[in-house]
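Reading through the structure tokens given below for one structure.
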Amino acid sequence: MTSHETDTLRRRDNLALDGISFLLADVQDNLGAFLTGLLAAYGWPSSDIGMAIASGGAGAVIARLLGGWALDRLSSRRLILAGCCLVTIVSVSVAALFPGFWEIVCVHFLAGGAGALFSPLLAAISRETAGPRGYMARMGRNESFNHMGNALVACFMCAVGTMAGPLTPLWAIGGLAGISLLLVARLTGRADAQEATSDKSKSAAAKGGTALRVLANAPLFIFLICLLLFNLANGATVPLMIERHAVYHFGNVPFMTAVCIIVAQATMVPVAFLVGRTAGSCRRKPLFLVALAMQPLRDLLVFWSASWPVMCLAQILDGISSGIILVLFYAIMSDLAEKGGRRNFLIGLGLAVGTVGALLSNFVGGQLTSAYGFNPAFLALAGSGAAVFFLFLFAMPETHEDEIASR
């Protein structure tokens, strides 16, 4: 294959991945929010809405665990990605047409699982289309387009939903998944290439590198605990900010919600892109610590004041912190995989742990707020953020050190 042909295939894959990352952002992150609005409009009680939304989280955790395991064994990534798009289209259509309790619970479980698989699938495809050297830059680009899609598409859907009714965002999400399906067809055969196995991974496999052996890795265990605690500190902050705004009548709640989303997502766009461009050759730990330090500071700012300038500053800190962590997550998991193999399994496991942390955050945050009020809940979230910072500082080794030392 000539250099010109290779460049043409690379551009085709890059454009397809850019479009898929942009369009599927809302499917992954905002389907639950739009479904909540629809069910509330139908007069569902809060307990039933909570059960329906929780089913999506359960589907996400299971799909990420099983999906990561399967992606280490299967190379039909385009077919799996197309299947996830089809499941999303069918699920939102059923939810829109048949809004019964069990129908919603089942289809949101399936849609949550399909949406949760998009991230590990795009990571696996990016690894093969960009190659090991271009992998982190490609992941940073994926995250940039993802956050851009989150901000722009969510705003568009909120506006359209206000004018055309709560069903409109669901049909729009189905349409975005349909367009994504067309972009999946544009991916080249490189997306399904068999992943090359490093000498370290082969050695681990020869020694019996099963999933249990991989999980016995101490740095991996520490990193998973850090992911759990970070998402525990981070997950409930915005929902509690919005709830406090509504309870105390501080202003227009939908406008405040939109501002929180837009400020954080817009901040993540350049941060993720820049981190992806530099992560291939930089140490992970110092930058990851900077990101972790911003989380408790953000919760303390929200504890201190509910004013607009403070909340915007808090969301900027969230955008910087999350933008760094979302990209370095893939870098650290790749470093750990080089020493034990099963890259996709580790990525799926880490994403599942993060999802569990976010679900626990909302549950614990809600319980603390009900029992003690908003300020103690924000302090507890800040304490969790401080705990993960010190755990990572003292217990987590630098995963990229060997490669830097060998240069």
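The values are calculated or read from the model by the stated rules, or taken from the named source; none is laboratory data. This one's a predicted model, so the numbers in the text were calculated from it and none came from an experiment. Neighbour counts are summed over all protein chains in view; Cβ atoms, including those assigned to glycine, are modelled from backbone coordinates with ideal geometry. Ligands, DNA and RNA are excluded from the accessible area calculation, which covers all protein heavy atoms including side chains. Shrake-Rupley method; radii C 1.70, N 1.55, O 1.52, S 1.80 Å.
Would you confirm whether any residue within the range 123-135 is in contact with a Cys (Cβ under 7 Å, 6 or more places away or on another chain) and either within 25 Å of GLY280 (Cβ to Cβ) or polar (S, T, N, Q) (or both)?
No, the conditions are met nowhere in the range 123-135.
Residues in the range 388-407 that are open to solvent by less than 50 Å² (accessible area, probe 1.4 Å) and modelled with pLDDT of 90 or more: VAL388, PHE389, PHE392, ALA395, MET396.
Evaluation of GLY348 against the conditions (1) at pLDDT 85 or above; (2) closer than 14 Å to PHE230 by Cα shows that the sole unmet condition is (2). Checking ALA177, ALA151, ALA196 one by one, the residue that is more than 25 Å from VAL94 (Cβ to Cβ), open to solvent by less than 40 Å² (accessible area, probe 1.4 Å) and either modelled with pLDDT of 65 or more or not in a helix (DSSP H, G or I) (or both) is ALA151 and no other.
For the range 48-67, indicate whether the set of residues that are more than 30 Å from GLY276 (Cβ to Cβ) and either touching an Asp or Glu at 6+ places or on another chain (Cβ under 6 Å) or hydroxyl-bearing (Ser, Thr, Tyr) (or both) is non-empty. Yes. Restricting attention to the range 267-284, the residues that are over 25 Å from GLY149 (Cβ atoms) and surrounded by fewer than 18 Cβ atoms within 10 Å (Cβ to Cβ) add up to 3. Determine whether the range 298-321 contains at least one residue that is touching an Asp or Glu at 6+ places or on another chain (Cβ under 7 Å) and buried (at least 22 other Cβ atoms within 10 Å of the Cβ). Scanning the range 298-321, I find at least one residue that is touching an Asp or Glu at 6+ places or on another chain (Cβ under 7 Å) and buried (at least 22 other Cβ atoms within 10 Å of the Cβ), so the answer is yes. Residues in the range 345-366 that are polar (S, T, N, Q) and open to solvent by 30 Å² or more (accessible area, probe 1.4 Å): 1 in all.
Close contacts from the range 79-103, counting a first residue that is over 16 Å from LEU176 (Cβ atoms) and a second that is crowded, with 16+ Cβ neighbours inside 10 Å and among the aromatic types (Phe, Trp, Tyr), with Cβ to Cβ under 9 Å and a gap of 6+ residues or different chains, come to PRO99/TRP44; PHE101/TRP44.
For the residues SER119, SER126, the requirement of being open to solvent by less than 20 Å² (accessible area, probe 1.4 Å), under 16 Å from LEU24 (Cβ atoms) and of a type in the set (Gly, Ala, Ser) singles out SER126. SER75 meets all of the listed conditions (1) surrounded by fewer than 24 Cβ atoms within 10 Å (Cβ to Cβ); (2) of a type in the set (Ser, Thr, Tyr); (3) part of a helix (DSSP H, G or I) but one, namely (3). Restricted to helices (runs of 4 or more DSSP H) entirely inside the range 275-384, those with at least 1 residues that are within 20 Å of ARG64 (Cα to Cα) are 308-340, 343-372.
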